[in-house]
Every structure is written in structure tokens, then in C-alpha cells.
Amino acid sequence: MSVLTPDPLQRGPLQIVEPLRGRNDLRRNLVGLSREELKATLVEAGLEPFRARQVWQWIYWHGVTDFGRMTNIARKTRDRLAELFVIERPQIVTEQRSVDGTRKWLLRFPDGNEAETVNIPEEDRGSVCVSSQVGCTLSCSFCHTGTQALVRNLEPDEIVGQFMVARDSYGEWPTPTETTRMLSNIVMMGMGEPLYNFDNVATALKIAMDEQGIALSRRRITLSTSGVVPMIPKVGEVLDVNLAVSLHAVNDDIRDTLVPINKKWPIEELLAACAAYPGARNSRRITFEYAMLKGVNDSDADARELVRILKPIHAKVNLIPFNPWPGAPYECSSNNRIHRFAEIVNDGGLSAPVRTPRGRDIAAACGQLKSESVRAKGERVRL
Ligand code: SAH
Ligand code: SF4
């Protein structure tokens, strides 16, 4: 486990002072195994099958990282577990705190790759924004993550481990009751396209939803996609979590330039998949994210067209003021423009809150995430 140095201002990067475990340490991490995999792994190590349930609860309900604390397991068995396995989170490289309470962690995985995780606290809840990939293969032109060349899928332990790091940071173990949680929601809205890493994301989210562990209900989890249409039905079948879609434009010409995956799966196909999403009842509307880009997608006509195309779907719209990053080829729409746009959409019968940017001072807002190590090597400016 890494140790953080105290930060009197509660801001600015906090540096780690302890290294990862040594290269020759080949013990297997138990975090990220599905329940079945955990059982098989422990049985293979000579434990009785029912032990898997106990170990699961220690890891995900109590949050322990030390087998020595598993008091309902005999000391000899605990020693055996510690010889073969570890319970490990990603390593914290830095933890930053915004003036508005947002926290951002830069995390390092065993191969040295890094990704960012953010917690956005609100009055009655906290949404942990989790990454699914290191970087992103989809180069949306307004998104900082999309400029990062280095990409790999995150493993299940690296995905659920991000939420566990956040719980460590808030001391939120054992799992509190649903109504008293500071970290109450997961939004798959960090770095990467979750539907290009679906199996690992699904394993991680099932772990997070398990009632004998982290115990987040599927209503408290939102998966955001740029529009990987063929995978949308699978999200409904396997996870049935809330769906968010990065729409950002109302016609294919503009969406092709903003969200290039649109060339593969255009708006009409995307909206058809959304209309068929199983959770798309009134109580669980699909969220359409719309970044407000000056002179690009923010006219009155765009707002009216947005209402028209979303009418057949149980939808709500999140209007996100564009968050700038170094070298970004866009500007944020003016406040007046954003509010006029919101008014038209609201008058059209769709809820369209304007998101207050959070954590901009620590580059933790939507679309600003990027591995710090990559950032430090210089920006890849898009032409
Ligand atoms: N890759 C997934 C998950 C990322 S979610 C997806 O694209 O849906 C992050 C949200 O922030 C997406 O809606 C994304 O389009 C949006 N976003 C990206 N860059 C942004 C920026 N600079 N300002 C505001 N929103 C941005
Ligand atoms: Fe990737 Fe989403 Fe950013 Fe597009 S908006 S580059 S899909 S992270």
C-alpha cells in the first residue's frame, strides 16, 4: 500500500513514498476475480469451497488488504493464503483535491501504465468516475483522453480497484448502508470506451453490484458510451445499468467530426439501439451527453433538432459546458447561449440540466483526463 504525505492545503499532488511490491513477488491478486473464479482459485489452493464467501466478504465488504485480519479463518489457512495471494489496489501516484471537493487519483498499474479516477461529491451522494482503458482509441476531437496514444484495456481488478481506492481514501469500509454512503455511485465516464472493453468492465461492475461486498445497486451505476451500437443490447442483457450516450451533435456531418465512431454507427442506428434498451422506461431514462461547443453545435436550430430526434426515446439531456485543455481546437459556448439552448430543450419536454463543471482546477472535469506521465511528455496537438 502506498502512503500519502500530508497536504496542509488539501490540494495539489500528493506524492507516493513507497514502491510497488518487488518484481519477483509472483503472488496472485484476488481482487477482480468473479465469485466463481475466486472459488476455483481457493479450492485449487486446498481450501474448502465455502471459504470463498468469507474471503469475498473480507475483501469487498470489509475492505481488508491483509489476510491476517480474516478472523473467521484459521491462522494456518490465513498464512497459506498470504503465501500465495495478495489483495491489491492500483498504486496511488498522486491524489489531488479541488477547491470544490472533487478528488482525483492518478493510479499506476503493475506494468507501469497509468489512468485517472475522480470522485465528484454532491450534497447527498458521490459519483466515482472510473476509467475503463489507459487512454482511448477513439479520437473524439474535443476530448483530451482521445489525444493519448498509449492504450490498453484495464483488467477487472484495475477497474473495481479504482472504486476501492476511493473508498480507502474516504475511509468508507466496511460497506455502509445505502443511505449513508459518501461514495454512492459509479459512473463509467473516465478514460476509455467501456464498450471496447466490455468483458472486463462487466466483471468489475458485477463485483461492485454484489450484495455481499461493495453492494452498489444497478440503479447507482451509469455506463457511458460514445456509441458502440452492437454492444448496447449486451449492456442491457448482462448488466442492466443506466445508460448514457455521448451524442454531442444532431446531424451526422457534425457528429462525424466530433465523435468519429459516428462514421461507423450513425445517429439513426445509435438512437434505434437506445430506443430498444431494456431499461428505457420513464423511470430510467437514457442520458444523452451534449458538450456545448461555441459555433459548432449550439444554435437554436440544433436545440430544436435535438428535441425532435430524442422525442421517441425516454431521454434526458446533460448539457456539459466544454472543458478546455491545452491545444484544444474548441471553445465553450457562452453562458447565455447555453441557457438559451437549455430553455429550448426544456420547453420541448426534455429535462436538460446544465452540468456545473467540477474539478477544473485539477483537470478532473469531463474530457480532461489523461495519464500524467503522458501529459508530461508533451501534448500531441491535433491539426
Ligand atoms: N468514452 C466514453 C466515456 C467517457 S464519458 C464516452 O465517450 O461516452 C466522458 C464524457 O465527457 C463523454 O460524454 C465525453 O464525450 C465528454 N467529454 C469529453 N471531452 C469533453 C470536454 N473537453 N468537455 C466536456 N465534455 C467532454
Ligand atoms: Fe474516448 Fe469517450 Fe474521449 Fe471519445 S469522448 S475520445 S470515446 S474517452
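The values are calculated or read from the model by the stated rules, or taken from the named source; none is laboratory data. This one's a predicted model, so the numbers in the text were calculated from it and none came from an experiment. Heads up, the Cβs are rebuilt from the backbone with ideal geometry, glycines too, and the neighbour counts pull from every protein chain shown. When the accessible area is computed, the model is the full protein with side chains, heavy atoms only, and any ligands, DNA or RNA have been set aside. Shrake-Rupley method; radii C 1.70, N 1.55, O 1.52, S 1.80 Å.
Within segment 240-269, restricting attention to residues that are farther than 18 Å from S141 by Cβ and out of contact with any Lys or Arg (no Cβ under 7 Å at 6 or more places or on another chain), which residue is farthest from ligand 1 (Cβ to nearest atom)? Break it down stepwise before answering.
Step one: filter segment 240-269 for residues farther than 18 Å from S141 by Cβ, giving 240-244, 268-269.
Filter again for out of contact with any Lys or Arg (no Cβ under 7 Å at 6 or more places or on another chain), leaving 243-244, 268-269.
Details: L243: 10, A244: 7, E268: 19, E269: 16 Å.
Only one residue fits best here, namely E268.
Filter segment 98-133 down to the residues that are more than 27 Å from L26 (Cβ to Cβ) and charged (D, E, K, R) and list them by number.
D100, R103, K104, E116, E122, E123, D124, R125
Got a number for residues in segment 135-168 being of a type in the set (A, V, I, L, M) and modelled with pLDDT under 95? Give the steps one after another, and end with the answer.
Pass one, segment 135-168, residues of a type in the set (A, V, I, L, M): 138, 149-151, 154, 159-160, 164-166.
From the residues that got through so far, the ones that are modelled with pLDDT under 95 too are 138, 149-151.
Residues meeting the conditions: 4.
What pairs come out if I take residues in segment 168-190 that are closer than 13 Å to S217 by Cα and pair them with residues that are part of a loop (DSSP other than H, G, I, E, B) and within 14 Å of ligand 1 (Cβ to nearest atom) whose C-beta lies under 9 Å away, six or more apart or interchain?
I186/V130; I186/V241; V187/V130
May I ask you to list the residues in segment 74-117 that are farther than 16 Å from L38 by Cα and β-branched (V, I, T)?
Residues satisfying the conditions are I92, V93, T94, V99, T102, T117.
For M231, are the conditions met, namely being within 16 Å of ligand 2 (Cβ to nearest atom), open to solvent by 30 Å² or more (accessible area, probe 1.4 Å), under 13 Å from the mean Cα position of the chain (by Cα) and of a type in the set (A, V, I, L, M)?
Judged against the criteria, M231 is not a match.
Taking D347 as meeting all but one of (1) of a type outside the set (K, R); (2) modelled with pLDDT under 90; (3) over 21 Å from G135 (Cα atoms), write down the number of the exception.
Here D347 meets the rest and fails (2).
Got at least one residue in segment 332-344 being within 27 Å of R97 (Cβ to Cβ), basic (K, R) and touching a residue at least 24 places away in the same chain (Cβ under 8 Å)?
no
Could you list, in sequence order, the residues of segment 255-310 that are among the small types (G, A, S) and at negative phi? Walk me through how you get there before you give the answer.
At the first step, the residues of segment 255-310 found to be among the small types (G, A, S) are 272-273, 275-276, 279-280, 283, 291, 295, 299, 301, 303.
Listed by number, the residues that qualify are A272, A273, A275, A276, G279, A280, S283, A291, S299, A301, A303.
Quick one: count up the residues across segment 243-272 that are more than 14 Å from L195 (Cα to Cα) and either open to solvent by 10 Å² or more (accessible area, probe 1.4 Å) or touching a Leu at 6+ places or on another chain (Cβ under 7 Å) (or both).
18
Regarding A204, is this residue within 24 Å of W61 (Cα to Cα) and touching a residue at least 60 places away in the same chain (Cβ under 8 Å)?
Details: within 24 Å of W61 (Cα to Cα): yes; touching a residue at least 60 places away in the same chain (Cβ under 8 Å): yes.
Yes, satisfied.
If the Cβ limit is 6 Å and pairs must be 6+ apart or interchain, which residue in segment 52-66 that is without any contact (Cβ under 8 Å) to a residue 60 or more places away in the chain pairs with which residue that is of a type in the set (A, V, I, L, M) and open to solvent by less than 60 Å² (accessible area, probe 1.4 Å)?
If the second residue must be of a type in the set (A, V, I, L, M) and open to solvent by less than 60 Å² (accessible area, probe 1.4 Å), the pairs left are A52/L38; A52/L42; W58/V64; W58/M70.
For segment 276-286, indicate whether the set of residues that are open to solvent by less than 60 Å² (accessible area, probe 1.4 Å) and out of contact with any helix residue (DSSP H, G or I) (no Cβ under 8 Å at 6 or more places or on another chain) is non-empty.
From segment 276-286, those open to solvent by less than 60 Å² (accessible area, probe 1.4 Å) are 277, 279-280, 284, 286; that's our starting set.
Next cut, out of contact with any helix residue (DSSP H, G or I) (no Cβ under 8 Å at 6 or more places or on another chain) only: none.
For segment 276-286, residues open to solvent by less than 60 Å² (accessible area, probe 1.4 Å) and out of contact with any helix residue (DSSP H, G or I) (no Cβ under 8 Å at 6 or more places or on another chain): absent.
Can you confirm whether segment 338-349 contains a residue that is touching a strand residue (DSSP E or B) at 6+ places or on another chain (Cβ under 8 Å), outside any loop (DSSP other than H, G, I, E, B) and not aliphatic (A, V, I, L, M)? Walk me through it before giving the result.
Residues of segment 338-349 touching a strand residue (DSSP E or B) at 6+ places or on another chain (Cβ under 8 Å): 338-339, 341-342, 345.
Cutting the leftovers down to outside any loop (DSSP other than H, G, I, E, B) gives us 338-339, 341-342, 345.
When the remaining residues are screened for being not aliphatic (A, V, I, L, M), the result is 339, 341.
Checked segment 338-349: at least one residue is touching a strand residue (DSSP E or B) at 6+ places or on another chain (Cβ under 8 Å), outside any loop (DSSP other than H, G, I, E, B) and not aliphatic (A, V, I, L, M).
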